[in-house]
Amino acid sequence: MPNEERKKVRFGDDRILPETEQRLLEDEEAKLSPDEHDAGPRRIGGVVTLRIIVLIQAGLIVLLLETLVIGFVFRDEQLSVRCAEYLNTGTPMSDAVQYQEGERDASTRHHSRWRGPPSHELDEAWHDIARENLILVTDDEVRAAGKDPAKVVRLPPQYESRYGPGALALTEYGVELSCLNWIRMYIHAEYYREHDDFHIFEQNSDKTLRPKLDHCIEVLRDSLMCNAGTSIITHQWIQDRPRMFQDLHLPKKTCKDFDALLRWTKGREVDEMTHPIKNVIFGHHNPVNPQPTEYVYSHIP
């Protein structure tokens, strides 16, 4: 076909087109401009497809919202569990760890039941938290702590009928707080030399006490560095004071719920081996003896 004729065909002048090309053009026009009876079903199919897409999108939005709501409701509990597992590996106490946010005041004017001049009431307050009572742990819990159940002190057989088999243990926080309590009492040595509530100075000479207290300071140093506080302490100017004054009203902090740890510990204590604190002076209290089947080290490992 000459170029001129092809151009005419493109602009709709079909008088000069051969019959075969005319039919091809009509077929193409039919595809571009379908009849009304063909347009209906295609339009309906498109609407149905659009509705399905909208429903799917709506369903996804609802699912996303439900996920967000569930995550919002349980986020604190899940976070507490994850934190406890991450920060307290190898201990059965992870299940008892709970967190709570609270005010903290380390100022010199702040009073707590564990602060003040020595007295019977103050000693009882410290005894409540500085618990070195023996607790029972299972063999699996011993293994989780990286220890061999065959080489640790076991619960005496006469108590297994009540508690079941297991090993005797102490809590880390109990040892740390007991160390702090010994240091507190040593500071007030004159008071405790004159009172019978504690026998720390009767049973131990100063030569014996000092190395033990040095060890306690090391235990507390290690714990403080491991759990180093990261809050900042600002300063204030106080009238008639020449130097800046530390503002020890600390910001809120999320801490372990200590009462929850105490409840867990008390639930594990072996009642027959609990003791008043006055009888536990640097290893003087020994409620059990090695059984024939127990492993005995030849020296301190």
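The values are calculated or read from the model by the stated rules, or taken from the named source; none is laboratory data. Everything numeric here is computed off the predicted structure, so don't read it as measured data. No Cβ is skipped: glycine too gets one built from the backbone with ideal geometry, and neighbour counts run over all protein chains shown. Side chains included, ligands, DNA and RNA excluded: accessible areas come from the protein's heavy atoms. Shrake-Rupley method; radii C 1.70, N 1.55, O 1.52, S 1.80 Å.
Figures for the structure shown
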item	result
Unmet requirement for residue 200, which otherwise passes all of (1) open to solvent by less than 50 Å² (accessible area, probe 1.4 Å); (2) at pLDDT 85 or above; (3) β-branched (Val, Ile, Thr)	(2)
Of all residues making up the stretch 233-255, the number that are open to solvent by less than 80 Å² (accessible area, probe 1.4 Å), touching a residue at least 60 places away in the same chain (Cβ under 8 Å) and not in a loop (DSSP other than H, G, I, E, B)	4
Matching residues, the stretch 133-154, being surrounded by fewer than 16 Cβ atoms within 10 Å (Cβ to Cβ) and part of a helix (DSSP H, G or I)	140, 143, 144, 150, 151
Filter pass, residue 291 being assigned to a loop (DSSP other than H, G, I, E, B) and at pLDDT 90 or above	no
Members of the stretch 114-127 found to be open to solvent by less than 60 Å² (accessible area, probe 1.4 Å) and on the phi < 0 side of the Ramachandran plot, listed by number	118, 119, 122, 123, 125, 126, 127
Residue list for the stretch 177-197, restricted to those being more than 38 Å from the chain's Cα centre (by Cα) and either open to solvent by less than 40 Å² (accessible area, probe 1.4 Å) or hydrophobic (A, V, I, L, M, F, W, C) (or both)	189, 192
Yes/no for residue 256 being basic (Lys, Arg), within 16 Å of residue 129 (Cβ to Cβ) and modelled with pLDDT of 90 or more	no
